[in-house]
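Any read-out appearing in this document is the output of simple, stated calculations on the displayed coordinates, not a laboratory observation. Just so it is clear, the structure is predicted and the values come from calculations on it, not from any experiment. Here the Cβ is made from the backbone with ideal geometry for all residues, glycine too, and neighbour counts use every protein chain on show.
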Amino acid sequence: QVPLVESGGGLVQPGGSLRLSCAASGSIFRINAMAWYRQAPGKQRELVATLSSSGSSNYADSVKGRFTISRDNAKNTVYLQMNSLKPEDTAVYYCNVKGIWWVGVTTREYDYWGQGTQVTVSS
């Protein structure tokens, strides 16, 4: 069972804002990199934003200046604040979390994907 729960998608008018959340759960030892991807109908999944454990972030050129990725370490949650949304931002958004979870008395690295949340930008 994937220990990630996404929320925050929906329908918004062009120019509007949405905030996506992705919460990791379970016996977490350490969360490393967190990221958001998206996939529009008929297109390949593309990287939207990444956030490393050190706090450095990177964005796709198409969302720079409009989207902000952040994390709450206490809640093991990554956010994607999306402003000035455009119709071309319409897609299913997926979070990706790379980290280390406890498995019994040992630890193991995992690379998890969220279930996806639909974002539709339309008037």
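So here's what we get for this one:
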quantity: Where labels lie 7 Å past Cα in the beta-carbon direction, separation of SER57 and GLN13 in nm; calculated: 2.6 nm
quantity: Inter-probe distance in nm under a simple model that places probes 7 Å from Cα toward Cβ, at TYR110 and GLU88; calculated: 3.6 nm
quantity: FRET efficiency, LYS75 to GLN39 (Cβ-Cβ, R0 25 Å, nearest 0.05); calculated: 0.45
quantity: Among 98-111, 74-87, 34-47, the order from most to least packed when residues are scored by Cβ within 10 Å on average; calculated: 74-87, 34-47, 98-111
quantity: Fully extended contour minus Cα-Cα distance, from THR68 to SER123, at 0.36 nm per residue; calculated: 17.5 nm
quantity: Once the Cα gyration tensor of the chain is diagonalised, semi-axes √(5λ) in Å; calculated: 27, 14, 12
